[in-house]
Structure formats: structure tokens, C-alpha cells
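Below you'll find the structure, written out as C-alpha cells, and then a few comments.
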Amino acid sequence: MNTSLHKECLPDSTGHFGPYGGRYVPETLMTALQELESAYRAAQEDPEYRRELDWYLRHYAGRPTGLYYAENLSRELNGAKVYLKREDLLHTGAHKINNAIGQVLLARRLGKKRIIAETGAGQHGVATATVCAKFGLECVIYMGAVDMERQALNVFRMRLCGAEVRPVTSGQKTLKDAVNEAMRDWVTNVRTTHYVLGSALGSHPFPMMVRDYHKIIGQEVRKQILEAEGRLPDELAACVGGGSNAIGLFYDFLDEPNVRLVGIEAGGHGIVRGGHAARFSGGRMGVLQGCKTYILQDGDGQIELTHSISAGLDYAAIGPEHAFYRDRGRIEYAYATDEDVLAAFRVLCRTEGILPALESTHAIAYALKRAPEMRKDQILVVNLSGRGDKDVQQIEKNVGRSGAGRETRMKSMTGFGKAAGQFEGCGFAIELNSVNRRNLETSFSLPRDWQFLERPFAENIRKHIKRGKIHVSLRLDSAQSQSPVLSWDAVALNKSLESLQAQALAAGAAWQPDASLLLQLAMLHRCDGSQTDTEALERMVMPVFEQAVQSLESMRCTEGNALATDLLQRVQAIENACAQIAVLSADLVELQRQALMQRLRTAGIELNLDDERLLKELAFFADKSDIAEELTRLQSHIEQIKGVIDSQEELQGRKLEFILQEIHREVNTIGSKSVRVEVTRLVIDCKNEIERIREQVQNIE
């Protein structure tokens, strides 16, 4: 498709990219947006502004950034050559500084001395705070309370630069809610304040401006890859939240049909409602925060909850230019789950010694799957939009969810392990079967002369596995041994064999013993007086037994992994339902008040009754329907149960059951106070998930 006809003239004069984009804002902001557009277009034509911007990008931000050939990663993937565009090496640690410098310089031209911004992962907030510190401007950053907790390092960095970081406690307490608060601030203070929007979304001219400030990324890649390889890459990949780094990388290649462009969204827990932020895998066209684009929304147009391990990608909408090119088939979109991202983070750290931001790691996760599918002479360029210093605590907290690190605490699951070996020509197999029990209990099925192995076997099990019933079976597999350890009384063996054959004949069954059974029978008839070399036998058997223990341990870890992941997903479903209840809760008191007033009118009671009496009755009903306190306690219990599942200890069913009782109590209280069908439905959803969790918890111990 020939997109060159459209690239340079988009957006149109009304700020649209086809059907997407535009200005959907209150009248109070229309003048400010028009003023901003005029100032931006004038600045773009002003050589002095361009020189100033270029100077700060080079000498303050650190452009151009390198295009790095990830040789070790490419070798391990055994496919395409993977190059990383190192935006993580910029000042403040991400591409966001490009846009922050451009917009703050523009704000100075407008005479605005107060800057506000929203931030999710904190990188845009840090970049804005940094540039404001450089130019001596007042800076206020809005950030969701949840994001502030998981990006505490960036919060500290913003405050060090003199910015005021205002926590947002409404809604889901993440990026969307931070944008809401920033917009409210701008409406109130539009004459003195410039809003430095951080991504390629929002009302016109922001998508255009942010794209233009970041398209230097793709311009540099074009020049650098031609110098390195003498040709253009076969494919470009970048993570996509709002889409600033991705459109910056892609823009210079839009009219290169042989270069594939792929944006990677946040797949979260998978494409389940409320569990991801992949707009193109579950969204549809709508309007959010001043812009028409693809949005995650329900059938009634209500914005759905989102989730991503990355604070910068859990946004319900995508930039309008991305939606336009996706419809035209020029840019493709995929998604990476949290599990994919955690695995990819470890791979890049291990192979290249580079810590990528969790946002950028979504694109790395895509590269791990895509590069092996490509030929070795092909080139894949991945935009490493930010560095991962800010995410190390989040990764440490979540690493158990991807399997790594959980081995030390998930050993109380069911499973079995087996291993085989030989001792002086005698083959043997060791099997261990495990069942969950509150206390360790070990039982053995060993040949009579090998029962001395019970003690070292039991010690080895206790060293590796804390709880559960373990049954150990040692089975002899061969009749080839001539060693003293296995010498038999042939007469006794024949008598046993004849007896079994007679019983089979009497039952009318054809029966032929195998070697393994004959050897097990023979252990009952050791009568030649030979002595077993116990020390030699133990030295030979224990390594095999340890293999069986490790096999059992691995399976129990796998079982535990699956259980913990499923539990966390169910807890997340409860949390999502509670967040929706919180949104609806503001109406409950008013509904109760209206119901009371209707009752008074139906009873013929005039509203000029004694005010004190009426207010007391209203207050009583309002208190009954106020569920804020229950929601607060419920969220606390949800965090507790997530903490237990994520802890470095083995899962304890009794502890989980106690917290579940508290969660159930709060959910019941909310249900009893609800006067809305929607809340009742969400409460029922919560109860269903609680019961499923209880069923799983009962099997832990």
C-alpha cells in the first residue's frame, strides 16, 4: 500500500487521521489547543527554535543514540540479526526526554511558567521534571497511586528535581486516572499552565506534536542501519502503550513497503476482560480523554479495567495514528503477556548485560519469538525505549509468577519422580509419589536387604521437601546379576513360582511371570547367608535416588507454579470486580436517599418535618449504603492474599483460608448494602471466584 500520499499530510486540518483523532474537549480548552497548534507550527518554521531543540537533544539529552548489534542474543536465537536502538542511553533513561524538551521549549515561547504532566511508569514524569528543573519552571506531575507504589524510584527522582508529585486515588489509580486529573488541572489553570502530554494520543495537536518530536528515532535508525549493513532492515518492532516510541521509530519507514512494522501491546494475564491492555485484541472505536481511537470498553461504552506488569502500557486507548495505520494494514500489532515479558527480561540481561524497561521488554519478548522464524541474513530492529533500573523491584516482586524463583516455596504440590540405575549388573528403578499432607510422612517399599536405605532416603527427602506424604518404591528390573548382593535360593524360588502358577491355573488364567516379578519374589527367600555390601550399595544408589528427588521436586514446582498463577488470576478477577464496584459506589448513597424520600412522599409526609429528625434518618440510611470502608478493607485483604502467594515461603493453605474468610465477609457486607443490580452482579462474580480459590486452597495442605 502506498502510504506516502498520506504520511506528510496527516493529520488533516481538523486533527484527524482518517476517522481517528480530533478534539473532544470542553470549550474552555479549545482556545488553548488552537493557540498551542499555532505556536507549534510557527516554532517548526523558526530556525532558531529548531537550532535550540537540536542543541539540547544532542548536548543535554545525548542524541544520537546507538544502534547496537545484539550479537550474543542473535546467536542464541539462531535466526535474524537483532539490532537494538538504544533509547535507554538517553538522559533520564528513556525516549521521553525528546518530547519533554520540545514541549517545554514551546511552553516558554507561549510564556507559560507552570508545567503539568501525567505519568504511568514515571519516565515521562522524570523527563518533564528534569527539563523543568533545567529551565526553572514550576512542575506538577500527576501519577496513579498504584503506579507510585510500583515506581517509587521514579517518584523520588521527580521530587529530587523539584517537581510536586500528586497521587491520584480515583478509579484504578493508574495512567488513565492520572490523565483525568491532569486534564482537570489544565481546565482550571489553562492561562498559566502548559500540559506536557507524554504520548501520541489526546486531542489535536498532541498526537502530531509527540510524533514529530520522536520521529528522530526512526531517522537515526535509517542512517545507522545503512552504515552498518548497507541496506534497510526487514522488520522493526516497538512496544505500544499510547504509542510515542513506536510511531517515532516507524514514521520514517511508513513509505518503505518492504520493511515490516510491528507494534507490541501489553497482553497482561492474557486476553481476558480486565486482564490486559491490548486494544486491538479486545477494543473498538470510541472516544477517551479528547481523542477518537481504539479503546477497551464494554457494550455500554464504559471504559474497561486494564492490566500490565508495566505501568507505562496499562492504558485503555491507543494513539489515533496507530489506529489509522492498523486499519490500512501498514502497521501490524501483536501482544506479549506478563509471563513472556519476565522471561524476556532475564534473557536480555543474561545474554547482553542490558536491563530493559518492562515497557521495552514487550518488544524484546516479541523478538525472542520472531527472530528464530527469520533467516540469518535478515535484520530485525527493536526499539529499546527505556532502561529497567526503575523496574527492578517490580521484577523482583513478580519474578516468581513466571516460574523462576518459585522453586524454593512451591514444594507442597502433588507429583512423582523416578530414576533408574545399576549396581554390579543389577538394574533398579526408584519411584517417589507425593500427596499433599500437613505434616511430612515418608513410607517405603524396599527389598528386605536394602531397608537400611530408609534412613538416608528419609534425610534426603526432608532436606528438599518440607511437607507432604512421600512414598518411596525401589524396584529391581533385571535377573542378570551374578553379584553376592543378589544370590537366590533356587528351590525356594521355584516353590513360589509353582504356587503362583497353580493358583493361576485354578482360576483359569494363563500366566507367565516376568523377570522383574521373579526378582521381587526372590527377595523373600534370601537364605544363602551372603552379606550385602551396604556401603558400596549406598554410594551407588544415592545419586540415583537424588535424581528421583529432583524429578519429584521439579514436578511439584511445576504444579505449584500452575496453582499460584491460577490463584493470582482469580484474585485479580476479584480485584477487578471490586474496582468496578468502587466506581459505582458513589451512586449508592444517593439511591438510598432517593428511596427514602420516595417512601416519605408515599406516606404523605411533607418534607418540612423536623430537620434534625429527617437528617438523622437520612444519615442512618446513608451509613448503611456507604461501602467505602468495606472496599478499603477488602483491598487490604486482597493485597494480603497476593502477598502470601508471592512470598518466598511455601504456600500455606490455612493462612490463605483465613484471609479468604475475611474477603468473603467484606464481599457479603458490600452485597447486603447494594441497591444496584450492577453491584449485586459484581458481588456474585466475586463470590464465585472466592469459592474456586477455596477449592484450590483445600488441596494445598
Using label points projected 7 Å from each Cα along Cα→Cβ, tell me how many nm separate residue 665 and residue 48, to one decimal. 7.0 nm
Along principal axes, Cα extents of segment 24-111, largest first, whole Å: 56, 33, 22
How much length, in nm to one decimal, is gained on full extension between residue 422 and residue 14, taken as 0.36 nm per residue of separation minus their Cα-Cα distance? 138.8 nm
In terms of modelled amide H atoms, which long-range or inter-chain residues lie less than 5 Å from the amide H of residue 378? 81
May I ask you to order 657-667, 30-40 by the average number of other C-beta atoms within 10 Å around their residues, highest value first? 657-667, 30-40
Would you mind working out the accessible area per residue for segment 161-238, using a 1.4 Å probe, and quoting it in Å²? 35 Å²
Once you list every other residue whose beta carbon is under 11 Å from the beta carbon of residue 295, what net charge do they have if Lys and Arg are +1 and Asp and Glu are -1? +2
Of 463/642; 397/673; 223/369; 176/376, pairs whose Cα-Cα distance is over 32 Å: 397/673; 176/376
Hey, got the dipole for segment 158-301? About the Cα centre, +1 on K and R Cβ, -1 on D and E Cβ, debye to the nearest 20? 440 debye
Would you mind estimating how fast segment 170-306 diffuses translationally, via Stokes-Einstein at 10 °C and 1.306 mPa s with the Kirkwood radius over Cα pairs, in µm²/s? 94 µm²/s
Share of carbon and sulfur in the accessible heavy-atom surface of segment 297-366 [1.4 Å probe, %]: 46 percent
Just to confirm a number: summing +1 for Lys and Arg and -1 for Asp and Glu over residues other than residue 370 whose beta-carbon lies under 13 angstrom from that of residue 370, what do you get? -1
Electrostatic dipole magnitude of segment 301-403 [Cβ: Lys, Arg +1; Asp, Glu -1; Cα centre; debye, to 20]: 320 debye
Taking 0.36 nm per intervening residue step and subtracting the Cα-Cα distance, what contour gain separates residue 375 from residue 166 on full extension? 70.3 nm
Accessible area per residue, 1.4 Å probe, Å², for segment 8-115: what's the number? 45 Å²
Multiplying the sequence separation of residue 226 and residue 285 by 0.36 nm and subtracting their Cα-Cα distance, what value in nm do you get? 17.4 nm
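The values are calculated or read from the model by the stated rules, or taken from the named source; none is laboratory data. Please read these numbers as outputs of a predicted model, since none were measured by experiment. Note that each Cβ is placed from the backbone with ideal geometry, even for glycine, and that neighbours are counted across all protein chains shown. Protein only, heavy atoms only, side chains kept; ligands, DNA and RNA dropped before computing areas. Shrake-Rupley method; radii C 1.70, N 1.55, O 1.52, S 1.80 Å.
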